[in-house]
Amino acid sequence: MFWDLLKKEFLIELRSKEISASMLTFGVAVILIFSFSFSVSPRTMNTFAPGLFWVMTLFIAVLGLHRIYAYEKEFDAFGFLISAPVDRGLIFLSKWVSGTLFLLVADLFIAPPFYLFLQLSARPDPGMNFLILLLGNLGLMVLGSLVSGLAMRAKMSEVLLPILLFPLASPVMIAATKATAALWSGIPFRDWQIWILILLTIIISFGLVGFLVFDHITEE
Amino acid sequence: MLSIQHLRKSFFRRPVLVDLTFQVGPGEIVGLMGKNGTGKSTLLRMIAGLSAPDGGEISVHGHRVGATQISSRQSVLYLGHAPGLYPGFSARENLTFAGRLYHESADRDGIREILREVGLERQADDPIKVYSQGMLQRLKLALAKLISWDLLLFDEPFSGLDAQGRELTARFFQTMQRPDKSCLLVLHDLNWALTHCSRILLLDQGKIVRDAGCGPETHTEWKRVYHSLMN
């Protein structure tokens, strides 16, 4: 059933391209604004860049999360979905996994122009960089999927989502930014592994919470 | 089949359903009637497990209805006001996905046959966002034909249908008069309800004001009660 739900998410996105198009356009626009707004030395930019990257990712995630749930509100497809004999925790998992993959793809497309336009000089290990990106995205999306499930029934869900998500996402943002900054500065892994452990803890604990409480969150 | 005991629901402290108790037995087609805003759709959504009651209990086949109770949803099909399907998907894709959700093994030919029966064969591959209200209603009928249910909850099955669509829907409910199936339908056409339902529940201000069968001898009394309530 999980694979059917996941396939449905991808098929919808493949048809509409609403999530990827909005994420990519927004991401590129933010990069251009950053590159034209900051006239600082490359050294200062290298210090700020990890934070800027994750702030941009958070904004992109909100855009994607809103669309992931909005298309199911249109014809009340979500009502039909949750009235079916399906474990609602699996619906949460499919939203989380698909959202993470959409965000990851968007980040991978946005990373080269970000690096180029902000004239960054860091040469981080690509494998480690990808690991931080994956964990950061999983962390943002686990919280986002949970909050979106809560907010989607509200009339002003598009306003409610960032208001609820941003404070909750602060630990993920701090951990991902610190880990990225440490990697880009060439600091040995053992000195910043705590941030990876924090990300893993958030992913596992909120993943379990989401899976277990999504039943009740979706009920009116 | 369906048992409702002392059910209560309020929205913003305004009571919508007040201490509702009734049963629907196997083989019954029950019409749920009443003015707008008397809680008919809310009742259906609660039986489907979409909305939590403030008090009371709902059970289907002895399984308590609740957010975590998959077993109670296994034999219930809820078709609400909205299409409840994916606008970007075609009718065929929507039926295939819905079939998977309900663990139905519907093949391509089976789905094509159902779509032919409801008059949507030619539009089977069009995204349903271009469908008219009547076509979406026919698609809901296709869902009811595809999925094996014991209890069908259908909110206004005739809404937006043309004469042919109404005829098709009426025929469908005639074929569903079987001892293993029950239907709870939100209706606004008393004459249709009197002809096709085995029982009518009349709701007013969240309470059942009349619960009686629809034999020919009851028609005059039903019309009198119904019209006095609606006017």
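Some points to look at:
- Qualifying trypsin sites (Lys or Arg not before Pro) for the stretch A:128-187 [loop in DSSP, other Cβ within 10 Å: at most 10]: A:LYS155
- Each part reduced to its alpha carbon centroid, the stretch B:207-223 and the stretch A:4-45 end up 61 Å apart.
- The HN-Hα couplings worked out from phi for the stretch A:110-117 by the Karplus form 6.51 cos²θ - 1.76 cosθ + 1.60 (θ = phi - 60°) are 7, 4, x, x, 4, 5, 6, 5 Hz, whole numbers, x standing for Gly and Pro.
- Looking at the stretch B:145-180, none of the trypsin sites (Lys or Arg not before Pro) sits in a DSSP loop with at most 16 other Cβ atoms within 10 Å of its own Cβ.
- Residues of the stretch A:48-86 with amide N under 17 Å of the 7 Å Cα→Cβ point at A:ASN129: A:48-57
- Packing here is the average count of other Cβ atoms within 10 Å per residue, and on that basis the peptides A:61-68, B:56-63, highest first, run A:61-68, B:56-63.
- Computed P(r) (all Cα pairs; the protein assembly as shown; 20 Å bins; percent): 23, 46, 23, 7, 0
- Pair B:ASP189, B:ALA212: separation of 7 Å Cα→Cβ label points (nm): 2.3
- Pairs beyond 31 Å (Cα-Cα), from A:LYS73/B:LYS9; A:LYS155/B:LYS40; B:LYS181/B:LYS223; A:LYS155/B:LYS207; A:LYS155/B:LYS181; A:LYS8/B:LYS140: A:LYS155/B:LYS181
- Helix B:133-146 axis, angle to chain B major axis (alpha carbon atoms, nearest 10°): 90
- Taking all protein chains as shown and a probe of 1.4 angstrom, A:TRP184 keeps an accessible surface of around 40 Å².
- Helix-derived mean residue ellipticity, 222 nm - over the protein assembly as shown, DSSP H n ≥ 4, -39500 (n - 2.57), to 500: -19500 deg cm²/dmol
- A simple spin-label model places pseudo-atoms 7 Å from Cα toward Cβ; at A:MET156 and A:LEU208 they are separated by 3.6 nm.
- Annotation for A:ASP76 and B:GLU113: the two label points, set 7 Å from Cα along the Cα-Cβ direction, are 3.1 nm apart.
- Counting only protein heavy atoms and a probe of 1.4 Å, the accessible surface of the protein assembly as shown is 60% carbon and sulfur.
- Assigned charges on the beta-carbon of Lys, Arg, Asp, Glu; the stretch B:83-148 dipole about Cα centre (debye): 180
- Shielding score for A:209-217, defined as the mean number of other chain Cβ atoms within 10 Å: 2
- Shielding of A:106-118 by partner chains, average beta-carbon count, 10 Å: 0
- Sites listed here are chymotrypsin sites (Phe, Trp or Tyr not before Pro) in the stretch A:101-132 whose DSSP assignment is loop and whose Cβ has at most 13 other Cβ atoms within 10 Å, and the list is empty.
- Residue (of A:LEU90, A:LEU11, A:PHE75) at the positive-pole extreme of chain A, dipole from beta-carbon charges: A:LEU11
- Burial ranking of peptide ranges A:14-27, B:29-42, A:33-46 (average Cβ count within 10 Å, highest at the top): B:29-42, A:14-27, A:33-46
- The angle separating the long axis of helix B:219-230 from the principal Cα axis of greatest extent in chain B is about 80 degrees.
- Principal-axis tilt of helix A:2-16 within chain A, Cα atoms, nearest 10 degrees: 70
The values are calculated or read from the model by the stated rules, or taken from the named source; none is laboratory data. Source: prediction; values computed, not measured. No Cβ is skipped: glycine too gets one built from the backbone with ideal geometry, and neighbour counts run over all protein chains shown. The accessibility values were calculated without ligands, DNA or RNA, using every heavy atom of the protein model including side chains. Shrake-Rupley method; radii C 1.70, N 1.55, O 1.52, S 1.80 Å.
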